[in-house]
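Please read the structure below before turning to the comments.
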Amino acid sequence: MVSFSAGQEAARRLLEGPQRYTCLAGVTRSGKTFLIVRAIVMRALQEKNFRHAILRFRANAARASIALGTLPQVVQLCFPGMPLKEHRQDGYFALQNGSRIWIGGLDDKDRVEKILGLE
Ligand SMILES: Nc1ncnc2c1ncn2[C@@H]1O[C@H](COP(=O)(O)OP(=O)(O)OP(=O)(O)O)[C@@H](O)[C@H]1O
Ligand SMILES: [Mg+2]
């Protein structure tokens with residue numbers, strides 16, 4: 001069972017708002033990425049065949065920190081037992097309902113083009 005810090009709790013409520021863009025600011029290791037990744041997984045679970053992208057400046061940093069770090073931690077703590085299949089060649093994770101979460105970097109032009117080509 002996951003619990004949140006007071007700052008994360010405030011940010012969690014903020015992420016439920018109607019706004020299109022949200023920027024979280026906080027000290028390092030305060031759980032910003034964890035909370036945003038959790039919100040993205042929740043959205044992906046809500047609708048079938050939804051597509052999401054998590055982008056960092058560099059693709060290798062995105063893979064190391066998100067694909068191999070935060071995302072598995074979020075699944076383990078917030079969605080235990082949820083199947084998540086990695087399609088590493090294509091750069092995304094697939095949920096059982098057909099929703100996908102792409103993880104990429106803006107330094108990789110071909111990959112950006114591929115992701116943007118999917119809307
Ligand atoms: N509510 C929580 N319960 C358990 N672990 C958590 C929680 N929130 C964050 N963590 C873990 O704490 C660590 C730091 O969190 P995270 O990477 O989200 O911080 P951050 O604010 O994005 O840091 P940075 O500014 O350095 O990117 C990670 O290992 C993350 O999985
Ligand atoms: Mg972070």
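Restricting to segment 53-74, give me the number of residues that are more than 17 Å from residue 32 (Cβ to Cβ) and touching a helix residue (DSSP H, G or I) at 6+ places or on another chain (Cβ under 7 Å).
2
Can you pull out the strands (runs of 3 or more DSSP E) entirely within segment 9-102 that have at least 2 residues that are of a type outside the set (Lys, Arg) and modelled with pLDDT under 95?
51-56
Please work out if residue 107 is of a type outside the set (Val, Ile, Thr), touching a residue at least 40 places away in the same chain (Cβ under 8 Å) and part of a loop (DSSP other than H, G, I, E, B).
Yes, satisfied.
Take residue 95 and decide whether it is closer than 24 Å to residue 1 by Cα, away from ligand 2 (no atom under 16 Å from the Cβ) and surrounded by 15 or more Cβ atoms within 10 Å (Cβ to Cβ).
Yes.
Here are 15, 24: which of them is over 19 Å from residue 79 (Cα atoms), free of Cβ contacts under 8 Å to residues at least 40 places away in the same chain and touching a Ser or Thr at 6+ places or on another chain (Cβ under 9 Å)?
Result of the check over 15, 24: 24.
Can you tell me which residues in segment 37-70 are buried (at least 18 other Cβ atoms within 10 Å of the Cβ) and either at positive phi or within 12 Å of ligand 2 (Cβ to nearest atom) (or both)?
If the condition is that a residue be buried (at least 18 other Cβ atoms within 10 Å of the Cβ) and either at positive phi or within 12 Å of ligand 2 (Cβ to nearest atom) (or both), then 37, 54, 56, 62, 66, 70 are the ones that fit.
The values are calculated or read from the model by the stated rules, or taken from the named source; none is laboratory data. What you see is a predicted model, and the numbers here were worked out from it, not measured in a lab. All Cβ positions, glycine included, derive from the backbone under ideal geometry; neighbour counts span all protein chains shown.
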